[in-house]
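Undergrad: Mind looking over this structure? Questions follow.
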Amino acid sequence: MRELDDENNSWLLLLIGAIFLITGYFFVKFFDVQHILPFVTLIVPNISSQGIETVGRYIFSFTLSILLIGIFIIISGFLERKNRLDSLISKLCSFLEDFIEKSKKLPLWIIAAIFTFASLFIHGYRFAVSDQNIYIPLIKHFINPQLYANDYLFLQPQGEYTFFTDIMGFILGKFNDFEIVFFITYILFSFLLFWSIAKITYSLFNEYEIVFLALLLSAAPLSVAGTATLTYDVYTHPRLMAMAIGLFSLYLFIECRYVLSAGAMAIGFLIHPITIIGPIISLFLYLIFKKDIKSCLTSLFVFLPISSPLIYKFLSNPNDLPVFANTTHLYIVRDLAKKSYLFPFDWSYFCWISLVIFLMLFFYGVFIKKNKSTFTDEDKKSILVVATALLLLFLGVLFVEFIPITLAIQLQLGRNLSFLYWFSIIYFAFGLWAIFKENSYLNKLLGIFVISAFLVGLTRVLIGAIVLFAVGMYFAHHISPFLKHKVIKISLIVIFLIGSFSMVMASVAISPVDFPHTYPSNYNEETGSWIDLQLRAKQNTPINSQFLVPPDVSPTFRVFSERGIIFASKDSAPVVFNYEYAKEWCQRWNDLKNYDNLTEEELENAANKYNASYIVVKSVKTLNMPLIYQNKNFKVYKHNLPVQKIVKEGI
């Protein structure tokens, strides 16, 4: 009789596997992003090309998951026919248990190193993107002050508020390879970040399984409310370095090593002061509440001398901004430069939902620990860090939206929510481990599903998965007899496996990994042509040349050409720090915002106005000027400035 049941089970598995393979083939043959694009545009009317690409990636991952699970089920059917399936599953479970037990003997730094390199292939690594369009030229100018001599970008003080440019400039002055130095810097500080997360988690819960879960949930960076930042950056940025140092300082804080914590915070402050505000306040508030005057004063005496060079630079730097924000300046920052992340009331409702849900995840973990484990002073410190982030957000709302104060806008207080998100991830890992220790298979499936959503790193997917997780957990207690039915159990396992596996597949290499000297091979033809143009300019034009270029092409022309430009859209980043620079940026934005549609006369007038010796246009456009270089996507024309302007300004 048992042999007959085994025979039936094996045929059933083979049949189910065949159905999955046929379904997967159907998806490959007939179902792509173009077929469902009308439905996608109904949900997201203004979906970008990147969004369409993301949808396509998910369709591919979903299809691949169906095919792989089908193959897996068919192999299981053949094994069942030979009565080997049960023994294989038993051996696999034993192997996993042994692997986990052996992993517990590894030092935390080795585990953090493994996750550092593994996560690189989940979120990718980028070079010459985002704020690097400003920092790379600043560093190059630090190394050689003759570069960008006439470029208006250097009128703003952003480089004065960090020692990142000085440190990187010193290193790159000795080893002049930006791609290698930036990549090594990224790996080192990513490792410090993951190691700090591991150390904090182990200090709070003293279980390796929770450390694994916390690192797994951290493997993909997550959007932090409406701050336009991630929990950590996918490229070398002073914010990444300060975040890693800030988390390490919070580990020292939790371990009651207050003086060392203050010293670490001071180092982070030198690199990116905005990021470290929350940890600094948390440390000194705790010492004040504890009435530990000695530790408070000692920590202060350590923090101030280390951070004093940057404080001195800030105080000695002339600033034309008033205490209360200028309405014109606010208009430029908020409406023209579109810096909505500085203004909490401009955040979308989904950003606020994300913040509330992560706050709930944190208190979910705190609640479980308080009821099932020992609630310690370390947990109170964690709550203080989260409360400080919320306090800074409240102050940001008050002094940005209701009483606009210039310094409050510049400090970007909402961005300290990153630490709230980090502690939410850590405490949610504890909550997940409590769920995995329960007997309910549905709870385990829900846990695996939500971990997969964290690996994707997309906020909307993650929020949807967390909501499903919460609803599933709630109903699991009320319909547990129904869930024991064999067909329901198998169906749920298959559905959740497909969903989880699809998200894990989609999370792998979401962005390219720009290993040193592989850039720009990871990007499209236009980017390759753009960089080719920059390298030609570097080799064949005077060092003080100024270029009038399309403002929206990335990376900005300064990065590889080492030549000044008249305007780039990404130059808007520093407008909040200097009113004169903001007005200059606004003037150039008004003149050049429709660059591709400007007539030859308008381009020539702009070149005369801003002293540009060269004009770059897309290859489809032709100007009545000397053409000095052309590739597949761009043309460079020589523009002769009026003689009187050359004599007058010494160009």
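The values are calculated or read from the model by the stated rules, or taken from the named source; none is laboratory data. None of these values were measured; they are calculated from a predicted model. Positions of Cβ are generated from backbone atoms using ideal geometry, with glycine treated the same way; all protein chains shown enter the neighbour counts. For the accessible areas, the whole protein counts, side chains as well, though only heavy atoms, and no ligand, DNA or RNA atoms are used. Shrake-Rupley method; radii C 1.70, N 1.55, O 1.52, S 1.80 Å.
Undergrad: Let's test the formula: R0 of 25 Å, r as the Cβ-Cβ distance of residue 327 and residue 594. What FRET efficiency results, to the nearest 0.05?
TA: 0.45
Undergrad: Protein chains only, probe 1.4 Å: how do 312, 161, 331 rank by accessible area, largest first?
TA: Solvent-accessible surface, decreasing: 312, 331, 161.
Undergrad: Protein chains only, probe 1.4 Å: how do 311, 271 rank by accessible area, largest first?
TA: 311, 271
Undergrad: For residue 141, what accessible area in Å² do you get when you roll a 1.4 Å probe over the heavy atoms of the protein chains, rounding to the nearest 10?
TA: 50 Å²
Undergrad: How large, in percent, is the carbon and sulfur part of the accessible surface of region 217-279 at a probe radius of 1.4 Å?
TA: 72 percent
Undergrad: Here's a follow-up. At 0.36 nm per residue, and after removing the present C-alpha to C-alpha distance, how many nm does the segment from residue 470 to residue 552 gain when stretched out fully? Walk me through the intermediate numbers first.
TA: On the way: separation 82, 0.36 × 82 = 29.52 nm, distance 4.24 nm.
Contour length minus the Cα-Cα distance gives 25.3 nm.
Undergrad: For a quick check of your reading of the filter: which trypsin sites (Lys or Arg not before Pro) in region 265-327 sit in a DSSP loop and have no more than 12 other Cβ atoms within 10 Å? Mind dumping the intermediate values first?
TA: On the way: sites: 290, 291, 294, 313; in loops: 290, 291.
Qualifying residues, ordered by number: 290, 291.
Undergrad: Could I ask something else about it? Using the heavy atoms of the protein chains and a 1.4 angstrom probe, tell me the accessible area per residue for region 285-400 in square angstrom.
TA: 56 Å²
Undergrad: Now a separate question. Which residues does the label zone of residue 395 cover in region 255-298, counting backbone N under 14 Å from a point 7 Å along Cα→Cβ?
TA: Residues passing the 14 Å test: 274-286.
Undergrad: May I ask you to derive the FRET efficiency for residue 345 and residue 171 from their Cβ-Cβ distance with R0 = 51 Å, giving the value to the nearest 0.05?
TA: Using R0 = 51 Å, I get an efficiency of 0.80.
Undergrad: Quick check: with the 1.4 Å probe, what order do 364, 232 take by accessible area, largest first?
TA: My answer, sorted largest first, is 364, 232.
Undergrad: Quick one: what are the phi-derived ³J(HN,Hα) couplings along region 164-181, Karplus 6.51/-1.76/1.60 with θ = phi - 60°, whole Hz, x for glycine and proline?
TA: With the stated coefficients, region 164-181 comes to 4, 5, 5, 5, 5, x, 5, 5, 6, x, 8, 10, 7, 9, 4, 5, 5, 5 Hz.
Undergrad: Now for a separate question. Once you order the gyration tensor axes a ≥ b ≥ c over the Cα atoms, which shape class does region 316-382 get: rounded for a/c under 1.5, otherwise prolate or oblate by comparing a/b with b/c?
TA: Oblate, because a/c is 1.5 or more while a/b does not exceed b/c.
Undergrad: Hand me the trypsin sites (Lys or Arg not before Pro) from region 377-474 located in a DSSP loop with no more than 11 other Cβ atoms within 10 Å, in residue order please.
TA: 437
Undergrad: Between residue 103 and residue 290, what is the label-point separation in nm under the 7 Å Cα-to-beta-carbon projection?
TA: If labels sit at residue 290 and residue 103, their model points lie 3.3 nm apart.
Undergrad: Further, regarding this structure: Using protein chains only and a probe of 1.4 angstrom, how many square angstrom of residue 391 are accessible, to the nearest 10?
TA: Rounded to the nearest 10, the figure is 80 Å².
Undergrad: Separate question: Taking all protein chains in place and a 1.4 Å probe, what share, in percent, of the accessible surface of region 530-577 do carbon and sulfur account for?
TA: 46 percent
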